Amino acid sequence: MRVSIHELRKMKVNKEKILALTAYDYPTAKIVDACGVPVILVGDSLGMVVLGHESTIPVTLDDMLHHCQAVARGAKRAIIVGDMPFGTYHTDAKQALGNAIRLVQEGGVTAVKLEGGLVVREQVERIVAAGIPVMGHIGLTPQYVHQLGGYKVQGKTRSAAERLMADALALEEAGCFAIVLECIPSTLAREVSAALSIPTIGIGAGPYCDGQIQVLGDILGLSDYVPKHAKQYVKLPEIIKQAVTLYAQEVAQGTFPPEA
Ligand code: KIV
């Protein structure tokens, strides 16, 4: 049985931390799902982590559909959240709903995520009204990188913190089932988490969120740039290099493949 958004709410009530990770393809989705991670995000970080772009801006809906389909084939238990890429929901609620439907119907995801607070309120309401669960995303919103002037911590001044709190409350009221808080002070993340009845999922927002999300490539050591908030649990490139080197040696020596 797939995890439901209601179980996440129960986890918040029971003070059980919610674990979330990104995945972008069939094999990693299968592994992450087998580990029992309840939320898998097919993030538009895909652009940087997998496609080699400099930001998430070039990621298209077709890119997302392609990768959501692969993740959906691999993950049978987790809630799969598909990111709505830049430019696919800002025009109006109708555009947002049309593209959210494509992610669910063609991409096979359970829910969608979009960036922004009050500004996307109508879009969230319209998508939720169609029966599609929506995850919000506020704080450092990478699709706004040019306006933010880089990947900087948000909500540091009193007025910025008040705006962020208003955004969080608006997203909850609009029907989001959870909200990602990215790169904000941990004290603010604690206040927002306490003010909301839906779970907050933090990344670079300290330990007081109801759950945590990381980019899979960051924890595996695959990303070119590792953000300060990430922890490398393994250096996968070194393991891959060892295997490739061994394979190359054995082919050169004639010990692989064996005659049989
Ligand atoms: O695209 C992504 O991976 C994300 C996470 C960083 C939350 O939005």
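Some points to look at:
- Residue check, residue 13 of a type in the set (Val, Ile, Thr), out of contact with any helix residue (DSSP H, G or I) (no Cβ under 8 Å at 6 or more places or on another chain) and more than 14 Å from residue 110 (Cα to Cα): yes
- Test: residue 228 is surrounded by 11 or more Cβ atoms within 10 Å (Cβ to Cβ), farther than 20 Å from residue 37 by Cβ and not β-branched (Val, Ile, Thr): no
- Failed condition for residue 176, given (1) over 28 Å from residue 110 (Cβ atoms); (2) buried (at least 18 other Cβ atoms within 10 Å of the Cβ): (1)
- Restricted to segment 59-84, and to residues there that are in a loop (DSSP other than H, G, I, E, B) and under 20 Å from residue 218 (Cβ atoms), the residue that is nearest to the ligand (Cβ to nearest atom) is 59.
- Considering segment 93-156, the qualifying helices (runs of 4 or more DSSP H), each wholly inside and each with 1 or more residues that are at pLDDT below 95, run over 145-148.
- Selection from segment 199-220 of residues that are in contact with a helix residue (DSSP H, G or I) (Cβ under 6 Å, 6 or more places away or on another chain) and either surrounded by fewer than 17 Cβ atoms within 10 Å (Cβ to Cβ) or in a strand (DSSP E or B) (or both): 200, 202
- Taken together, 45, 4 contain a single residue that is surrounded by fewer than 16 Cβ atoms within 10 Å (Cβ to Cβ) and in contact (Cβ under 8 Å) with a residue 40 or more places away in the chain, which is 4.
- Some residue of segment 157-164 being surrounded by 18 or more Cβ atoms within 10 Å (Cβ to Cβ), on the phi < 0 side of the Ramachandran plot and not small (Gly, Ala, Ser): yes
- Options 112, 119, 128; residue that is within 16 Å of the ligand (Cβ to nearest atom) and of a type in the set (A, V, I, L, M, F, W, C): 112
- Residue pairs whose Cβ atoms lie under 7 Å apart, separated by 6 or more positions or on different chains, with the first residue in segment 87-103 and touching a residue at least 24 places away in the same chain (Cβ under 8 Å) and the second in a helix (DSSP H, G or I) and charged (D, E, K, R), are 93/122; 93/126; 96/126; 97/126.
- Positions within segment 192-222 being over 25 Å from residue 47 (Cα atoms) and within 13 Å of the ligand (Cβ to nearest atom), in sequence order: 209
- Every pair of residues 6+ apart whose Cβ atoms lie under 6 Å, when the first sits in segment 209-225 and is at negative phi and modelled with pLDDT under 95 while the second is assigned to a helix (DSSP H, G or I) and more than 9 Å from the ligand (Cβ to nearest atom): 222/236; 223/217
- In segment 24-56, the qualifying residues are those that are within 11 Å of the ligand (Cβ to nearest atom) and in contact with a His (Cβ under 8 Å, 6 or more places away or on another chain), and the one that is farthest from residue 178 (Cα to Cα) is 50.
The values are calculated or read from the model by the stated rules, or taken from the named source; none is laboratory data. This is a predicted model, so every value here is computed, not measured. Please note: Cβ atoms are built from the backbone with ideal geometry, for glycine as well, and neighbour counts cover all protein chains shown.
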